[in-house]
Amino acid sequence: MPVYSEKVMDHFTNPRNVGEIENPDGVGEEGNPICGDMMTFYIKVKDNRLEDVKFKTFGCGAAIAVSSMVSEMAKGKTLEEAMKITPKSVADELEGLPKNKFHCSNLGAQALHKAIQEYLKKQKKGGEDNGK
Amino acid sequence: MREVYLDNTASAPLLPEVREAMMPYLGDIFGNPSSLHNWGDGAREAMEAARGQVAQLIGASTDEMIFTGSGTESNNLAIKGLALAQQNKGKHVVVSAIEHFSVLHSARTLAKWGFEVSEVPVDKYGAVDPDDVRRNLRDDTVLVSIMHANGEVGTIQPIGEIAAVTRERKVLFHTDAVATAGTIPINVTEVGVDALSLAANQFYGPKGVGALWVRKGARIIPLLDGGIQEEGRRAGTENVPAIVGLGKAAELAKAHMTERMKRLSGLRDRLLREVPERIEHVVVTGHPRNRLPGHASFCVEFIEGESMLMLLSSKRIAVSSGSACTSRALKASHVLIAMGLSHEIAQGSILFTIGIDNTDQDMDYVLETMPPVVDRLRQMSPLYARFTKASKGGN
């Protein structure tokens with residue numbers, strides 16, 4: 001039996017939304033190359049929705065598939081909806097991840113959340129600045 | 001699509017001649033070699049013939065050869081068995097930092113049992129300096145275990161010089177020759193080692209069988225208690241078909257060693273030369289010349305080994321990697337780290353181990369398939385993006 005599900009293999013061999021966004025509204029990074037996997041997510045927000053999501057990932061097959069799946073799940077969602085994406089929901093959508101890969105490679109949701117948080121922080125700051 | 005198997009260190013394929021030699025012992029000749037009747041005789045004769053074939057491969061005497069279930073078992077038996085047998089003399093053993101886990105973890109178990117273990121470092125090529133072995137010897141040292149060659153980076157160790165050191169100090173020297181026995185020449189009498197481990201599936205024999213050679217006179221405590229098979233050094237009914245396969249593989253390895261080595265080195269040298277020519281930012285791991293004939297290993301910067309392995313696998317090329325993500329323990333390779341490579345570089349580990357069935361056309365296919373695979377993963381890599389931005393900024 002192969003180690004990875006067909007869905008993981010599909011997202012690994014044909015990853016969706018790879019790349020960077022120029023002048024993104026938010027960037028989030030999770031992991032580091034020492035532990036194995038590192039993911040950077042870029043988002044573009046319009047009317048409280050994720051108009052575009054792109055990523056770059058250094059890591060194993062699972063890490064690349066996770067990133068691709070998160071980008072697909074998040075695109076078009078409201079920020080609140082996107083914040084509800086969890087490592088568990090990503091793994092479920094991928095029809096499972098090998099047990100030992102669940103924690104180390106499943107960093108996509110966190111990286112996306114960091115990008116959204118960065119965007120919200122900027123908004124808040126921008127709002128305060130405008131109010132002055 | 002062409003299929004190219006370059007993971008012969010994981011397991012080499014079984015040669016048809018070896019399989020043929022094994023077949024009667026999976027059929028009519030099923031007796032237990034310990035039995036005293038005709039059925040036992042056939043099995044025993046085949047087993048003893050195999051013992052002779054394996055002994056010849058390494059220039060040993062027949063009665064010093066213990067059959068085991070794997071290279072791992074041979075290493076466990078050597079490290080634990082030889083140390084325990086001498087514990088009245090001393091409780092200190094010396095190993096290198098890049099031994100296989102079956103040696104390193106056996107040494108760790110000895111430490112739990114009250115032994116002290118010293119680890120000898122390696123240089124950037126993964127080579128042990130015999131003087132470092134000498135520096136680590138103490139009055140209570142009872143065993144030194146340094147591998148003949150490392151399966152992950154291919155570097156061949158100066159075991160002759162190390163044996164000279166251990167002989168002078170009258171300390172037993174075991175070498176894990178799983179990566180070398182049946183692949184490159186080794187003669188235990190000439191080299192002067194006291195014990196040697198080998199495994200059949202490294203040289204076109206079956207899995208599940210290995211051997212430990214121990215010099216006559218060296219006492220060893222068995223790991224398995226039971227009957228008095230293998231002169232009481234390894235209890236349990238012997239795996240006769242596999243042992244026959246080991247013997248046949250050893251005979252063929254000895255007969256064809258020179259031509260196999262020549263062929264494998266030629267293919268290896270193409271990879272060692274042309275991979276870094278075709279792909280930027282690639283580091284050759286292990287010794288550039290003094291390495292196993294079919295062994296080419298690299299670290300590809302900015303990307304991770306498992307994803308490289310899987311994309312190559314989708315192109316029907318089988319390789320392996322020492323990256324953390326590839327290991328079940330998710331830890332960076334202790335070999336690459338001991339050689340001084342950073343965790344980040346070690347993540348890009350990829351390893352080609354060439355077999356006797358591979359051809360120049362296979363190498364062409366690898367050399368043409370690998371660059372786009374690497375490029376694709378680099379386009380995805382935030383580390384590569386950072387690097388290209390930084391180098392542009394620098395201009």
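The values are calculated or read from the model by the stated rules, or taken from the named source; none is laboratory data. These numbers were taken from a predicted model, which means no experiment stands behind them. Positions of Cβ are backbone-derived with ideal geometry, glycine not excepted, and every protein chain shown enters the neighbour counts. For accessibility, only protein heavy atoms count, side chains too; no ligands or nucleic acids. Shrake-Rupley method; radii C 1.70, N 1.55, O 1.52, S 1.80 Å.
A few points about this structure:
- Note on the range B:304-374: with charges restricted to the Cβ of Lys and Arg (+1) and Asp and Glu (-1), its dipole about the Cα centre is near 360 debye.
- Fully extended contour minus Cα-Cα distance, from B:S342 to B:L26, at 0.36 nm per residue: 108.9 nm
- Heavy-atom surface analysis with a 1.4 Å probe gives the protein assembly as shown a carbon and sulfur content of 51 percent of its accessible area.
- Computed [θ] at 222 nm, deg cm²/dmol, the protein assembly as shown (DSSP H ≥ 4; -39,500 (n - 2.57); rounded to nearest 500): -13000 deg cm²/dmol
- Candidate membrane-span-like segments in chain B, meaning DSSP H helices with Cα atoms spread over at least 30 Å of their own axis and a Kyte-Doolittle mean of -0.5 or above, are B:240-278, with no membrane implied.
- Here the range B:295-337 and the range B:176-199 have alpha carbon centers that stand 28 Å from each other.
- Residue order by solvent-accessible surface for A:L97, B:L26, A:L112 is B:L26, A:L97, A:L112, largest first, with ligands and nucleic acids left out and a 1.4 Å probe.
- Residue-count net charge about B:I279 - beta-carbon cut-off 10 Å; Lys, Arg +1, Asp, Glu -1: -3
- Bridging of B:K207 to lysines at a Cα separation below 21 Å is possible for B:K248, B:K254, once same-chain residues fewer than 8 apart are set aside.
- For A:N48, neighbours were defined as the other residues whose beta-carbon sits under 12 Å from its Cβ, and their charges (Lys and Arg +1, Asp and Glu -1) total -2.
- With the simple spin-label model, which puts each label point 7 Å out from Cα in the Cβ direction, the B:N187 to B:E116 separation comes to 3.9 nm.
- Between A:E93 and B:D375, the FRET efficiency from the beta-carbon distance, with R0 = 22 Å, is close to 0.20.
- In the context of the full set of protein chains, residues of chain A present 49 Å² of accessible surface per residue (probe radius 1.4 Å, heavy atoms only).
- Gain upon complete extension [A:E51, A:E81; 0.36 nm per residue less C-alpha separation]: 9.5 nm
- Accessible area per residue in Å² at 1.4 Å probe, computed on the range B:217-266: 52
- Accessible surface ranking that places the most exposed of B:R260, B:R278, B:R2 first, with a 1.4 angstrom probe: B:R278, B:R2, B:R260
- In this structure A:E93 has an accessible area near 90 Å², from a 1.4 Å probe over the protein heavy atoms.
- The spacing between the range A:1-55 and the range B:127-145, judged by their C-alpha centroids, is 50 Å.
- Each of B:M363, B:S381, B:G348 was placed along the dipole of the range B:345-395 (beta-carbon charges, centred on the mean Cα), and the one lying farthest toward the positive end is B:S381.
- Here B:H37 sits with roughly 90 square angstrom of accessible surface, probe radius 1.4 Å.
- The shape of chain B comes out oblate: with a ≥ b ≥ c from the C-alpha gyration tensor, a/c is at least 1.5 while a/b does not beat b/c.
- Excluding ligands, DNA and RNA and using a 1.4 Å probe, chains B and A jointly bury around 2000 Å² of accessible surface, summed across both partners.
- Absence of a disulfide-compatible partner, taken as no other cysteine beta carbon within less than 4.7 angstrom, is noted in the protein assembly as shown for A:C35, A:C104, B:C299.
- Cα-centred dipole magnitude for chain B, charges only on beta-carbon of K, R (+1) and D, E (-1), debye, nearest 20: 780
- Largest first, the residues B:R169, A:R16, B:R386, B:R268 sort by 1.4 Å accessible area into B:R386, B:R169, A:R16, B:R268.
- The alpha carbon gyration tensor of chain A gives principal lengths a ≥ b ≥ c with a/c of 1.5 or higher and a/b greater than b/c, which makes the shape prolate.
- Assigned charges on the beta-carbon of Lys, Arg, Asp, Glu; the range B:82-126 dipole about Cα centre (debye): 160
- Counting only residues at least eight positions apart within a chain, or on another chain, the lysines with an alpha carbon under 17 Å from that of A:K125 are A:K114.
- C-alpha center-to-center spacing [the range B:240-289, the range B:7-33] in angstrom: 22
- B:E168 - accessible surface, heavy atoms, 1.4 Å probe, Å² rounded to 10: 120
- With protein chains left intact and a 1.4 Å probe, residues in the range B:1-129 average 46 Å² of accessible area per residue.
- Among the listed pairs A:K75/B:K389; A:K44/A:K99; A:K101/B:K315; A:K99/A:K122, a Cα-Cα separation exceeding 29 Å is found for A:K44/A:K99; A:K99/A:K122.
- Taking a ≥ b ≥ c as the square roots of the eigenvalues of the Cα gyration tensor, the protein assembly as shown is classed as prolate, since a/c reaches at least 1.5 and a/b is larger than b/c.
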